[in-house]
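Taking it in order: structure first as structure tokens, then the write-up.
The values are calculated or read from the model by the stated rules, or taken from the named source; none is laboratory data. Keep in mind the model is a prediction, meaning the values are calculated, not measured. Cβ placement follows ideal geometry from the backbone for every residue including glycine, while neighbour counts extend to all protein chains displayed.
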Amino acid sequence: MSTNHNHADNAKVFVANDERMHWHDKALWFVREKRDKASKSIPEWENLREFASQIKTHTMANLDKYLLEFEKNATQKGITVHFAIDAKEHNEIVYKLLKEKEVKKLVKSKSMLTEECHLNPYLEERGIEVIDTDLGERIVQLRHEAPSHIVLPAIHLKKSDVSDTFHKYLGTEEGNYDPTYLTRAARAALREDFLTAQAGLTGVNFAIAQTGGVVVCTNEGNADMGASVPKLHIASMGIEKVIPRLEDLSVFTRLLARSATGQPITSYTSHFHAPIEGGEMHIIIVDNNRSQFLASEKNKKALNCIRCGACMNTCPVYRRSGGHSYEYVIPGPIGSILGSKKEPEKHNSLPFACTLCGSCTNVCPVKIDLDSQLYSLRQDLSEANLIDPKKKMAMKVTSWLMSKPTLFEFAGKMARFIVPKLPNSILYNKANVWGKQRDLPVMPSKSFKEMFRDGELDD
């Protein structure tokens, strides 16, 4: 991954491979279409979205109450609960637990929180082998890459890329691109890791205050293996994962998989309400700047996110620029909000990686106003003088021109007259990055205002 935190510059690298860019776009749109079919199969879909939004908004407004209730009920079930203020404290707690049990190998299921905390390199530097057991996560781990999507971490890779990776690290046949063969090879390698690991770590999709248990949703069963075979199970959860009641869970399970991959439900919806017999279970509840959002009236709804990835699958910018171009652990629209709010100096370009089309807001299962928040963050960055000077100057000039109706109308007339006469060498030069994928439309003879004034528009 690059160290350049400008989204536009990073996107240029991805779109340079035209064929891959189009393939990536189509692959994610395929998932979006599956989501649409799945959502339309439920007449009460919009009611579920509204219920989910209300539950999350209520929970975030009473977060202290529900976290304490969760801790109390989890403790009564023999689970040890820890609280971590930031990534550093989370990693220290995990390491302390592993060191006490002399753990040398940890199997880990998908957890964006541990990616956010950079847990893997932290533990590896201290002599602990970490094996990501989600297939997509394992692929990118072997390639020393970050996930490019929160649900489909290796979506940016083709079968040939996976085959080459497995040949190098797992000893598979060179040039064998058969998905079944590659999956079986990964399964065989991971089975040995599950049987020899001394501890397992999972993420948390939902934590139920009423019961003190956590729920993990997967399609591969790897979280169940990691939590059931080793004697030590550690679950890492953000403070926003708690929900009040067990019956609330049904709202989210009906929304999550349909929004993420177009499935009615994940293959495994696993409930962990106690340690296994003779084992230990620890839950680490992490803030890591999440309370920063609670204090923001404009951005606190971002904590309602259930990490389905629907906003990424629909986003025309994400689909064509790739997840790694965002340079934040969570890409796409929701990642642009989280990244730029947490570290505005570092991720000041992300709110501008958006067309403000509103598609992300339309598909969000918990009705987060994603496009509105991104627009608001642009304003905040401008006020803080954290946007590119050239962009700021262009916006000022555009604003000035549009505030002068007569001058703006004249500029439009000149453009309609001049542009059609310009040769392609001028129109489609290197400076016109939009022209790489698009043709300029035919210029109309009149503006909309002129056609309206002259009575040329239908009622």
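Does Ile55 qualify as being more than 25 Å from the chain's Cα centre (by Cα), at negative phi and aliphatic (A, V, I, L, M)? The answer is no for Ile55. Annotation note: of Gly221, Gly213, the sole residue that is of a type outside the set (A, V, I, L, M, F, W, C), assigned by TED's automatic domain parsing to the domain that holds Lys110 and on the phi > 0 side of the Ramachandran plot is Gly221.
Only one residue in Ala207, Ala185 is crowded, with 18+ Cβ neighbours inside 10 Å, outside the structural domain of Val366 (by TED's automatic domain parsing) and not in a strand (DSSP E or B). Which one? The conditions single out Ala185.
Of the residues contained in the stretch 337-355, one or more are found to be without any contact (Cβ under 8 Å) to a residue 60 or more places away in the chain, in contact with a His (Cβ under 6 Å, 6 or more places away or on another chain) and of a type in the set (Gly, Ala, Ser). In the stretch 183-200 there is at least one residue that is within 24 Å of the chain's Cα centre (by Cα) and at pLDDT 95 or above.
Taking the criterion of being assigned to a helix (DSSP H, G or I) and surrounded by 14 or more Cβ atoms within 10 Å (Cβ to Cβ), the residues of the stretch 37-49 that qualify are Ala38, Ser39, Trp45, Leu48, Arg49. If the condition is being among the hydrophobic types (A, V, I, L, M, F, W, C) and surrounded by 15 or more Cβ atoms within 10 Å (Cβ to Cβ), then the stretch 15-36 contributes Val15, Met21, Ala27, Leu28, Val31.
Scoring Ser296 on the criteria (1) hydroxyl-bearing (Ser, Thr, Tyr); (2) crowded, with 22+ Cβ neighbours inside 10 Å; (3) not assigned by TED's automatic domain parsing to the domain that holds Cys117 leaves a single failure, condition (2). Could you list, in sequence order, all residues of the stretch 254-273 that are at negative phi, surrounded by fewer than 22 Cβ atoms within 10 Å (Cβ to Cβ) and not in a helix (DSSP H, G or I)? Those that are at negative phi, surrounded by fewer than 22 Cβ atoms within 10 Å (Cβ to Cβ) and not in a helix (DSSP H, G or I): Thr261, Gln263, Pro264, Ile265, Thr266, Ser267, Tyr268, Thr269, Ser270, His271, His273.
Lys65 - would you say it is over 20 Å from the mean Cα position of the chain (by Cα), at pLDDT 95 or above and not assigned by TED's automatic domain parsing to the domain that holds Pro153? Spelling it out, it is not the case that Lys65 is over 20 Å from the mean Cα position of the chain (by Cα), at pLDDT 95 or above and not assigned by TED's automatic domain parsing to the domain that holds Pro153. With respect to the conditions (1) touching a strand residue (DSSP E or B) at 6+ places or on another chain (Cβ under 6 Å); (2) among the β-branched types (Val, Ile, Thr); (3) not in a strand (DSSP E or B), Val214 falls short on a single one, namely (3). Does the stretch 275-290 hold any residues that are surrounded by 15 or more Cβ atoms within 10 Å (Cβ to Cβ) and of a type in the set (Gly, Ala, Ser), and which are they? Matches in the stretch 275-290: Gly279 only. Has the stretch 368-382 got at least one residue that is at pLDDT below 95, surrounded by fewer than 11 Cβ atoms within 10 Å (Cβ to Cβ) and either in the same structural domain as Ile150 (by TED's automatic domain parsing) or over 30 Å from Ile243 (Cα atoms) (or both)? No: the stretch 368-382 contains no residue that is at pLDDT below 95, surrounded by fewer than 11 Cβ atoms within 10 Å (Cβ to Cβ) and either in the same structural domain as Ile150 (by TED's automatic domain parsing) or over 30 Å from Ile243 (Cα atoms) (or both).
Looking only at residues in the stretch 236-253 that are among the aliphatic types (A, V, I, L, M), part of a helix (DSSP H, G or I) and touching a residue at least 60 places away in the same chain (Cβ under 8 Å), which one is farthest from Glu115 (Cα to Cα)?
Val251
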